[in-house]
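Notes to accompany the following structure.
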Amino acid sequence: MAGPLNLFRRRAALPDAWRIGGTDWPIVLSRRASRRVTLRLCALTDCLRISAPPRTSLADIRAILDRHAEALAAQAAGLPPRVDFVPGARIPFRGRTLLLARAEGFRNAWSETPEGPQLAVGGRPEHFARRVRDSLIKAAETELAAETAEAVARLQGFRARPLAAVKIGDTRGRWGSCAADGTLRFSWRVILAPPEILRYLVAHEVAHLAEMNHSPQFWAVVAHLCPDAAPSRSWLHRHGPTLHRIGPPR
């Protein structure tokens, strides 16, 4: 029979998941040199991310979770619904609506229908979601490479480091980044946004080749590359969480 100390330890330990709004959210706990505990539901990975100082006990974290139950439930209710990659699903794609369909054989095919663009995906049914994601990543690579080349060409007249490479990922936070060596990284999910959003994101990161900061000089470069940057920046801030809810959790 478990003694009082062992019983307390089991109660104090964090479970693998925490029930919020009727759904179990897997817990990801990270220890950071901060002064407080932060709780965040990740729209991309469908998990509860907890950041806590190294000395905060698990019992204290559980107590904080209990105290913030209503706030977490409200946060979960405010998340956009997830749209799975399944046959018949319609997802945003470059300012339009893309229909996902099954194809015979093993090839994927893009086509234009009276209802709009369609992506027909072949292969085994259990690989449907992965093959949709792979096709969207390829589309993003093509568009981002072309837009980046055009933006870099328009940097003439600015002192800028050379472009090293363009890489694609699926980040939780930043939509893009520029490394000191001139490597630009973008989230493939920007292909789901209207074209002007992708164009602004590219302009933002290419501008960092000239200014590795967010000074007035940096924003002047952005304005040169993308005069209508402000509305696109606001759009990405408002609608970004929706793009993270498209497809299965990462």
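Some notes on this structure:
- Measuring between their Cα centroids, segment 181-250 and segment 83-137 lie 25 Å from each other.
- Accessible area (Å², 1.4 Å probe, nearest 10) - residue 68: 80
- Principal-axis tilt of helix 216-225 within the chain, Cα atoms, nearest 10 degrees: 50
- The DSSP beta bridges internal to segment 1-154 are antiparallel in roughly 65% of cases.
- Evaluated at q = 0.09, 0.14 Å⁻¹, the base-10 log of the normalised Debye intensity for the chain, with identical point scatterers placed on the Cα atoms, takes the values -0.54, -1.04.
- Accessible area in square angstrom per residue, the chain, 1.4 angstrom probe: 56
- Scattering curve values for segment 22-102, log₁₀ I(q)/I(0), Debye with Cα scatterers, q = 0.18, 0.25, 0.27 Å⁻¹: -0.81, -1.23, -1.34
- Distance between modelled label sites at residue 107 and residue 218, nm, 7 Å Cα→Cβ extension: 4.6
- Simple rule: put +1 on each Lys or Arg Cβ and -1 on each Asp or Glu Cβ in the chain, find the dipole, and look at 106, 214, 17; the Cα lying farthest toward the positive end is 17.
- Think of it as helices only: each DSSP H run of n ≥ 4 in the chain is worth -39500 (n - 2.57), and spread over all residues that comes to -12000 deg cm²/dmol at 222 nm.
- Annotation note: GluC sites (Glu not before Pro) in segment 84-179 located in DSSP loop regions with a Cβ neighbour count of at most 13 within 10 Å are 104, 115.
- Shown here for segment 81-150: trypsin sites (Lys or Arg not before Pro) in loop regions (DSSP other than H, G, I, E, B) with at most 15 other Cβ atoms within 10 Å, namely 82, 107.
- Fraction of accessible area attributable to carbon and sulfur, the chain (%, probe 1.4 Å): 53
The values are calculated or read from the model by the stated rules, or taken from the named source; none is laboratory data. Worth saying up front: this structure is predicted, and the values here are computed from it rather than measured. Glycine gets a Cβ as well: all are built from the backbone with ideal geometry, and neighbour counts include every protein chain shown. Just the protein is used for accessible areas: all its heavy atoms, side chains included, with ligands, DNA and RNA removed. Shrake-Rupley method; radii C 1.70, N 1.55, O 1.52, S 1.80 Å.
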